[in-house]
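What follows is a set of notes on a single structure, which appears directly below.
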Amino acid sequence: MATEKHFKYVVLGGGVSGGYAAREFVKQGVQPGELAIISKEAVAPYERPALSKAYLFPQNPARLPGFHVCVGSGGERLLPEWYSEKGIELILSTEIVKADLASKTLTSAAGATFTYEILLIATGSSVIKLSDFGTPGADSNNILYLREVDDADKLYAAIQAKKGGKAVVVGGGYIGLELSAVLKMNNLDVTMVFPEPWCMPRLFTAEIAAFYESYYTNKGVKIVKGTVAVGFDADANGDVTAVKLKDGSVLEADIVVVGVGGRPLTTLFKGQVAEEKGGIKTDASFETSVPGVYAVGDVATFPMKIYNDVRRVEHVDHSRKSAEQAVKAIKGKEAGEAVAEYDYLPYFYSRSFDLSWQFYGDNVGETVLFGDSDPSSAKPKFGSYWINDGKVLGAFLEGGSPDENSAIAKVAKAQPAVGSLEELKKEGLQFASKI
């Protein structure tokens, strides 16, 4: 007989949002037995960004339990025991295959059912695979993706097995840039391939991208732009040996890592909740069109107050903050107290090699580049402002100190008016420190 369990609150998803939601529930006051976190992963919630960075380092790589939430934001580390001590049921290795919002019932692949009063959807994204497009040979061995700790273990094992071999990274976004760096640090021969004219095209200007591409080239990473992988060759064991590109060229490969984006996991709720911009539509409290059902992180399309617009944001900072906001709203509603509305300033960052950048705000309008963007400098430090309708809306900084990073965040938040772009370029970081 399949089991049925009832909880007052169910968080569906054990990623970053799930972990931060659990912490906020405890902070707000939750009774033992009221809350369950259901996760398809086998481990308690952890800080996912570690997987593309420290997890793969050649020396002293990070391992669980070292990076469980909430260490990534300087918070307490929530070990599996923490959940049981707080009376939270952590239901791991459990994939939910059906969600019926009308009857408030979730059903697992194993046939277990879970009922709830309040549901927090924190399902995150799934990785887009080349096999989804029917790319020939895409299911060969050693064609790897990175989303969960299991994926990182496979990649780590492949790096050890193919020491000094050839790696091809497909994709020029976050994952592509971070993994190309870490593969190079592991002494592999690395080639990056992406279709766009420059890396990180959704955020970087051509000038910003030129710095990173030159820096990577100086580190020995080869970059092939403007083409895509159209097929893979494999040997008799099914191990990948080469990547075939659309431009007709062929790259030898012992390992292929694909980072071509993710898809928000909303399929379970299709036709049951309002959707917008590829996500589940929510209000400023992250409540969906179905009362008592909330959605946070990658899957939520929410009102972004600062731009008077609705947006969906795929980044760890928003995963954390939206989860906390939703729980505050849930508990506030119960207590009949108003909760301050979510006022999010978009924030993105990345680290690779000795580089570290941060971006705040909105990347629209004209841009000015300032500072030292020479990739061969010992300590390059440069940035960019985005100016729209005479106001600074976005700010980017490479190599900034914590104070300098806070200064550019303040600029993006304050949206100061700016006279001449020439002046702004000359002032550079000084402009930010005056805000």
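The values are calculated or read from the model by the stated rules, or taken from the named source; none is laboratory data. Worth saying up front: this structure is predicted, and the values here are computed from it rather than measured. Counting neighbours? That spans all protein chains shown, and the Cβs are built from the backbone with ideal geometry, glycine included. Note: accessible area is taken over every heavy atom of the protein model, side chains too, but ligands, DNA and RNA are not part of it. Shrake-Rupley method; radii C 1.70, N 1.55, O 1.52, S 1.80 Å.
Determine whether region 375-390 contains at least one residue that is surrounded by 15 or more Cβ atoms within 10 Å (Cβ to Cβ), of a type in the set (Gly, Ala, Ser) and closer than 30 Å to Thr282 by Cα. Within region 375-390, none of the residues are surrounded by 15 or more Cβ atoms within 10 Å (Cβ to Cβ), of a type in the set (Gly, Ala, Ser) and closer than 30 Å to Thr282 by Cα.
Would you check if Gly72 is buried (at least 17 other Cβ atoms within 10 Å of the Cβ), out of contact with any Leu (no Cβ under 7 Å at 6 or more places or on another chain), over 19 Å from Gly261 (Cβ atoms) and not aromatic (Phe, Trp, Tyr)? Yes; evaluated as a whole, the condition is true for this residue. Filtered by the rule that a residue be of a type in the set (Ser, Thr, Tyr) and assigned to a loop (DSSP other than H, G, I, E, B), region 22-52 gives a lone residue, Ser39. For residues in region 226-244 being part of a strand (DSSP E or B) and open to solvent by 60 Å² or more (accessible area, probe 1.4 Å), which is nearest to Ala167 (Cα to Cα)? The qualifying residue nearest to Ala167 (Cα to Cα) is Lys244. Restricting region 268-301 to residues that are of a type in the set (Lys, Arg) and on the phi < 0 side of the Ramachandran plot leaves a set whose member that is most open to solvent (accessible area, probe 1.4 Å) is Lys270. Name the residue, out of Ser17, Ser93, that is in contact (Cβ under 8 Å) with a residue 24 or more places away in the chain, within 26 Å of Val258 (Cα to Cα), part of a helix (DSSP H, G or I) and in contact with a Lys or Arg (Cβ under 8 Å, 6 or more places away or on another chain). When all the criteria are applied, what remains is Ser17.
Against the list (1) touching a helix residue (DSSP H, G or I) at 6+ places or on another chain (Cβ under 6 Å); (2) under 29 Å from Gly220 (Cα atoms), the condition Ala432 fails is (2). Among the residues of region 281-325, write down those that are within 19 Å of the chain's Cα centre (by Cα) and among the small types (Gly, Ala, Ser). Those that are within 19 Å of the chain's Cα centre (by Cα) and among the small types (Gly, Ala, Ser): Ala295, Gly297, Ala300, Ser319, Ser322, Ala323.
Say whether the condition of being within 23 Å of the chain's Cα centre (by Cα), surrounded by fewer than 18 Cβ atoms within 10 Å (Cβ to Cβ) and assigned to a helix (DSSP H, G or I) is met by at least one residue in region 245-267. Scanning region 245-267, I find at least one residue that is within 23 Å of the chain's Cα centre (by Cα), surrounded by fewer than 18 Cβ atoms within 10 Å (Cβ to Cβ) and assigned to a helix (DSSP H, G or I), so the answer is yes.
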